[in-house]
1. How long are the three semi-axes of the equivalent ellipsoid of segment 95-252, in whole Å, if each is the root of 5 times an eigenvalue of the C-alpha gyration tensor, listed from largest down?
2. Over segment 33-183, what portion of Cα pair distances is larger than 22 Å, expressed as a whole percent?
3. So the label point goes 7 Å from the Cα of residue 91 along Cα→C-beta, right? Which residues of segment 7-22 then have their backbone N under 15 Å from it?
4. Pop a pseudo-label 7 angstrom from the Cα along the beta-carbon direction at both residue 31 and residue 196 and give the gap in nm to one decimal.
5. Using the number of other C-beta atoms within 10 angstrom as an exposure proxy, rank 18, 218, 225 with the fewest first.
6. Just subtract the alpha-carbon distance of residue 182 and residue 3 from 0.36 nm times their residue separation and send over the number in nm, one decimal.
7. Report the Cα centroid-to-centroid distance between segment 148-225 and segment 69-103 in angstrom, as an integer.
8. Counting only the backbone N, which residues of segment 42-60 are under 20 Å from the spot 7 Å out from the Cα of residue 12 toward its beta-carbon?
């Protein structure tokens, strides 16, 4: 008979036992992955870990992929940690055997090529300038497209981090106040903004920003009525605004907007095949900057991503685009 235990308690026992057996970095990675799993289990109503089955694992994988803005490599690593945890649960008789063995992991060598073209981004910005000027959605998309920031980075910005006159933002790692950055203190930097973005931010602050503080008493740059927006809310804005039917194009999927749930239901915008999440926008921005001939080292600093990682996971240029860029660099465009 399986032993009853909450997911949180099971994860605590597992991590305590494994601490002396694995490296500090491995233990830290497993702790992070299981924290996300425990949070999901609480939301999903999985109160007893002994009830865990393959459907739960599948639902968690889909949740991480669609709601947490991670790439396939990170998802693969998280699921590997979860599989080790489930094997431990099986070994101590808490979970039925074969759950871990039947897990289907994503291919870590697959890098998603989902992105938006600069022309599409301009179409979205044109629509926002005309119909949703200086709204939260406009300010958010403008910041993401100009900086290539991760969603967590944009969310972490405070009002005082934005310098309108000098046209830049400061990025700070504040883990004790609820806005940790993915790469910790090494992600702290100052990032220049284009003038057009500053104009949008200035008008957003004046017209649509709520005068609120977050739980730490800080004043967020981007706000909801209740304080600092949650990631899911910001992600839904991007999912919504990147639907072709939203920014003016006809549906490329031959759907009826009145019956299409992605078009008619805001919270299901991500179900549009053409909708993208914030992470592909980051990939698209990096690719656009590379196509403009900017040095990888400078892009790496601005985007806070290593050059090797940039090349493997964020460079979505075709071989033809790379060849044309080399042709221009070597001045081979003449007769």
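Every number here is computed from the coordinates shown, using simple stated rules; none is lab data. Everything numeric here is computed off the predicted structure, so don't read it as measured data. A quick note on method: Cβ atoms are made from the backbone with ideal geometry, for glycine too, and the neighbour counts reach across all protein chains shown.
1. Details: eigenvalues 170, 111, 50 Å².
Semi-axis lengths for segment 95-252 are 29, 24, 16 Å.
2. Working: 6461 of 11325 pairs.
Considering segment 33-183, 57 percent of its Cα-Cα pairs are separated by more than 22 Å.
3. It comes to 11, 13-22, nothing else.
4. So the label points at residue 31 and residue 196 sit 4.5 nm apart.
5. Values: 18 16, 218 19, 225 7.
Starting with the residue having the fewest Cβ neighbours, the order is 225, 18, 218.
6. Details: separation 179, 0.36 × 179 = 64.44 nm, distance 3.60 nm.
Taking residue 182 through residue 3 to full extension adds about 60.8 nm, to one decimal.
7. After rounding, the separation between the Cα centres reads 36 Å.
8. It comes to 42-52, nothing else.
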